[in-house]
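Heads up: the structure comes next, in structure tokens.
Please treat every number below as a calculation from the coordinates, not as lab data. Because the structure is a prediction, the values reported are computed rather than measured. Because the Cβ atoms are built from the backbone with ideal geometry, glycine has one as well, and the counts that use them run over all protein chains shown.
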Amino acid sequence: MDFITGEIVGILLFFIGLYGLMTKKSIIKTIMSMSIMESGIYLFYVTINYVPGSVPPIGQQGDAPFVDPVPSALMITAIVIGIGVTAIGLTMFMHYKQKHGITHWSRNRN
Amino acid sequence: MTETHKIIDIVRILFAVLGAFVVLFLFLNHAEQIDTPLFDYFTSDFIAETGAQNSVAAIYLNYRVFDTLFEALMLMVSVMEVINVSWANKHAEQYRYEEDELNRKNNSEIVIRMVGIIYPFVILIGLYVIINGHVSPGGGFQGGAILATALITRYLVYPNFDLDLHVLEKIEKLLFLSIVTTPVLYVFMQLQPANTDLSNQIYMILMNSLIGLKVFSGLSIIFYRFVFYEGR
């Protein structure tokens, strides 16, 4: 099971989300697919450039090398932005549903 | 009609699987070793340069503070969208909620007692994570999310809508203004005293508290809007 690393699972999650975006016609499922793609990206970024045996980048550097702090700092902002995007999508979905009574992208649900 | 749909579905599945395989193949078979100049620069001397023990806090509050500014802007824009682009605004008369029905509706006694015990500790750990964000794992975003959790547990105990969300929104806008002005004055224009040991610490704590309060108000506005306006 050596090949199951965070990067590979992140790439697979991204493409599972992309498949959901391409095939599902329900708007809720589209928003969920976007969230799945986002989680794949977070997982890919926080595990990239990881050296076994490294320590968190806090305090003075000892013998062990530091973990790369750049992806963590990027992902902190990306998670909050992901919450914002999901909230915007759900609010617009509720508006659309109340105004037109439609929960799918087209009237043909098949 | 259904035949073409099936074919299109199969093409989509093939596209996703093929894309995943191509990206995995490229990722697993790259051989070149890339240097890490950013990693070396950010981890070499961050304690002396920024005053933060935590390198992640040093990056998002000093080295790459633009990220934080635009993240705060993004959260504020989404909160404004949730408040203003809502169907319930124009059709408020359909959305009157009955106070008596909501009050203590299907709440268990165990949850109410336990939340009452836990509630101050949640607020305490949120403030701890915010204030110690630059010397330990933590920071404004995480602490703000924990503080918002405290407000969400309050909803479990007392599911009534007695918060003034417009006041919270105004507070969030003021906090955004100070989040923008503080790094502009301190980091970009270098309005610092000669000995920056103490002022760096003060800057870190101030920025973490501002970001934490902003994330707290943004998340609680989103939660209460969704519970009391969108979910009915």
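Structure summary
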read-out	value
3J(HN,Hα) from dihedral phi, the stretch B:108-118, Karplus parametrisation 6.51/-1.76/1.60, rounded to Hz, x for glycine, proline	8, 5, 5, 4, 4, 4, 5, 5, x, 6, 6
Mean residue ellipticity (222 nm) of chain A, computed from DSSP H runs ≥ 4 via -39,500 (n - 2.57), nearest 500	-22500 deg cm²/dmol
Inter-chain Cβ neighbour average for residues B:79-90, partner chain, 10 Å	4
Peptide A:56-63, shielding by other chains (average Cβ, 10 Å cutoff)	5
Chain B: relative contact order in percent, alpha carbon pairs under 8 Å with at least 6 residues between	26 percent
Helical contribution to [θ] at 222 nm, DSSP H n ≥ 4, -39,500 (n - 2.57), averaged over chain B, rounded to 500	-22500 deg cm²/dmol
For B:Val23, B:Val111, order by how many other beta-carbon atoms lie within 10 Å, fewest first	B:Val111, B:Val23
For residues of A:11-23, the mean tally of beta carbons on other chains within 10 Å	4
Candidate aspartates and glutamates for bridging to B:Lys90, where Cα separation is under 20 Å - those fewer than 8 sequence places away on the same chain excluded	B:Glu81, B:Glu98, B:Asp164, B:Glu169, B:Glu230
Cα shape, the protein assembly as shown, gyration tensor, a/c 1.5 rule	oblate
Eligible lysines near A:Lys24 by straight Cα distance, threshold 23 Å, same-chain separation 8 or greater	A:Lys97, A:Lys99, B:Lys6
Within straight-line cross-link reach of A:Lys29, aspartates and glutamates at Cα separation under 17 Å, skipping those fewer than 8 residues along the same chain	A:Glu38, B:Asp9
Check: the stretch B:147-232 dipole with +1 on Lys, Arg Cβ and -1 on Asp, Glu Cβ, in debye	140 debye
Residue-by-residue Karplus 3J(HN,Hα) for the stretch A:17-29, coefficients 6.51, -1.76, 1.60, Hz, glycine and proline x	x, 5, 4, x, 4, 7, 9, 7, 9, 6, 5, 4, 5
Cα gyration tensor category, rounded, prolate or oblate, for chain B with a/c compared to 1.5	oblate
